[in-house]
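Engineer: The structure under discussion is supplied below as structure tokens; questions concerning it will follow.
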Amino acid sequence: MAGAGGGGCPASGNDLQWCFSQVKGAIDEDVAEADIISTVEFNYSGDLLATGDKGGRVVIFQREQENKSHPHSRGEYNVYSTFQSHEPEFDYLKSLEIEEKINKIRWLPQQNAAHFLLSTNDKTIKLWKISERDKRAEGYNLKDEDGRLRDPFRITALRVPILKPMDLMVEASPRRIFANAHTYHINSISVNSDHETYLSADDLRINLWHLEITDRSFNIVDIKPANMEELTEVITAAEFHPHQCNVFVYSSSKGTIRLCDMRSSALCDRHSKFFEEPEDPSSRSFFSEIISSISDVKFSHSGRYMMTRDYLSVKVWDLNMESRPVETHQVHEYLRSKLCSLYENDCIFDKFECCWNGPDSAIMTGSYNNFFRMFDRNTRRDVTLEASRENSKPRASLKPRRVCPGGKRKKDEISVDSLDFNKKILHTAWHPNDNIIAVAATNNLYIFQDKVN
């Protein structure tokens, strides 16, 4: 791959070759709105991959064990469990429909045989337990095998129930429901490194929850002005630090990031650090404020850096330097001349997410035309790849794509005018340990991996 090294990148510095592994989802041209994927998340080990969609469903894929006879063929991801997480609701007090769409999924670290995850729509967060059952009890005293109760007076001898093997069942059960705490739409949830608490953020407030307590949460950030006409910015994303349980950040529609320390006060309206890049007056335009809005913020696994995504770029910030980012990567600079038409078709408001690879050496984010971008932080090289069924032969290498911003187009380039803005990759995820990536393209989930020789 011309760029984007990763966890499995050899020490010689050879480029990583990405190849097709799997695609999930129907091929239909007419895509049902409910089937559009709205979030993608690997668990801490990377053995499970969860997707949420606009229909309120959560689908979990499990990585199969590696095949001993083909040591280089790494395990594929197959459906492990599917369940309906949220249903559409109606708020009668405000005459508002509450969509069932899953906005975010966050896994909890595994503590026992079961897996736990948080899923949220616009208003309600749910804690789900995903567990396996491959045995069933038989030989009860007070009921027959078909479940009917027996007459106690007819029981002449006591039996000891025994466990018998059965076909594997994967059960998803809601263990906690955290509701009625957000007036506005929830855009983020983040599990704390203490594994006991988590935060949820909407447009104007951030709440802190305990995983065991559903009837109350603590409001830790509130930026709602007394007069809503004075509102100048909204919260767009929030995340806990991966190692320091008292530190979290939140980003705003003005392109700023605030880092808060919960030790300083109960209400973190006063930030500890304020990250903002000075605007270049020469490049100011009508769209400047819209395209500077941050759509995603992610801490690096090390906790030293954080990454923010705005409409045209990805920026990497050192937590010790607030004045400007240490890296700025242009995602699709060729769209700067198209902002007017992107404003008219509402694409300028699309919220692209971003993610780190395991060693924090590469970052990935999405673009239009089913393109996604990777940036190698060490070599400063980048690549554009495409999630497409056309090159979905097993282990087929992904060819780098190039977009021609205008003028004479070369043979392998795609004209910026022929890009399909309805095909967009907003959600991506990178395996925490291996070079395996998951890319959501409308209703399809593509899985790519590095090419093992």
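The values are calculated or read from the model by the stated rules, or taken from the named source; none is laboratory data. All values derive from a computational prediction rather than experimental measurement. Every residue, glycine among them, receives a Cβ derived from its backbone with ideal geometry; neighbour counts consider all protein chains shown. Surface areas here come from the heavy atoms of the whole protein model, side chains and all, with no ligands, DNA or RNA. Shrake-Rupley method; radii C 1.70, N 1.55, O 1.52, S 1.80 Å.
Engineer: Report, by chain and number, residues whose modeled amide H sits under 5 Å from the one on SER272, excluding near sequence neighbours (fewer than 5 apart, same chain).
Structural biologist: Amide H neighbours of SER272, under 5 Å, 5+ apart: LEU259, CYS260, ASP261.
Engineer: Moving on to the next point. Using the Cα centre of the chain as the reference point, and only Cβ charges (+1 on K/R, -1 on D/E), how large is the resulting charge dipole? Debye, rounded to the nearest 20.
Structural biologist: Dipole of the chain, to the nearest 20 debye: 1160 debye.
Engineer: Return one quarter of the surface area of the convex hull spanned by the alpha-carbon atoms of region 105-155, equal to its mean projected area, in nm².
Structural biologist: Approximately 6.5 nm², given one-decimal rounding.
Engineer: Next question. Leaving ligands, DNA and RNA out of it, report the carbon-plus-sulfur percent of the accessible area of the chain at a 1.4 Å probe.
Structural biologist: Answer for the chain is 48 percent, counting heavy atoms of protein chains only.
Engineer: Of LYS101/LYS410; LYS315/LYS423; LYS273/LYS424, which ones are farther than 30 Å apart at the Cα?
Structural biologist: Over 30 Å Cα-Cα: LYS101/LYS410; LYS273/LYS424.
Engineer: I've got another one for you. Rank by packing, highest mean first: peptides 432-440, 420-428, 78-86, with packing defined as the count of other Cβ atoms within 10 Å averaged across residues.
Structural biologist: Taking the mean over residues of other Cβ atoms within 10 Å, the ranking is 432-440, 420-428, 78-86.
Engineer: Let me ask something else. Jot down the radius of gyration and Dmax of region 18-450, Cα atoms only, both in angstrom.
Structural biologist: Using the Cα atoms of region 18-450, the pair Rg, Dmax is 24.1, 93 Å.
Engineer: Any chance you could run the full-extension gain for ASP280 through ALA32? It's 0.36 nm times the residue separation minus the Cα-Cα distance, nm to one decimal.
Structural biologist: The ASP280-ALA32 span can extend by a further 85.0 nm.
Engineer: Going down the table (LYS351/LYS408; LYS104/LYS224; LYS54/LYS451; LYS24/LYS254; LYS254/LYS351; LYS298/LYS399), which pairs top 26 Å between alpha carbons?
Structural biologist: LYS351/LYS408; LYS54/LYS451; LYS24/LYS254; LYS298/LYS399
Engineer: Here's a follow-up. Could you point to the residue in SER302, PRO161, SER265 farthest towards the positive end of region 18-450's charge dipole, with +1 and -1 charges on the Cβ of Lys/Arg and Asp/Glu respectively?
Structural biologist: Result: PRO161.
Engineer: Counting only heavy atoms of the protein chains, get the accessible area per residue of the chain (1.4 Å probe) and round it to a whole Å² value.
Structural biologist: 51
Engineer: Same structure, new question: Peptides 405-412, 342-349: what's the order by average Cβ count within 10 Å, highest mean first?
Structural biologist: 342-349, 405-412
Engineer: With the crude spin-label approximation of a point 7 Å out along Cα→Cβ, what separation in nm comes out for GLU196 versus CYS245?
Structural biologist: Modelled inter-label distance: 0.5 nm.
Engineer: Report the GluC sites (Glu not before Pro) located in region 36-68 that are in a DSSP loop and have at most 16 other Cβ atoms inside 10 Å of their Cβ, or state none.
Structural biologist: GLU64, GLU66
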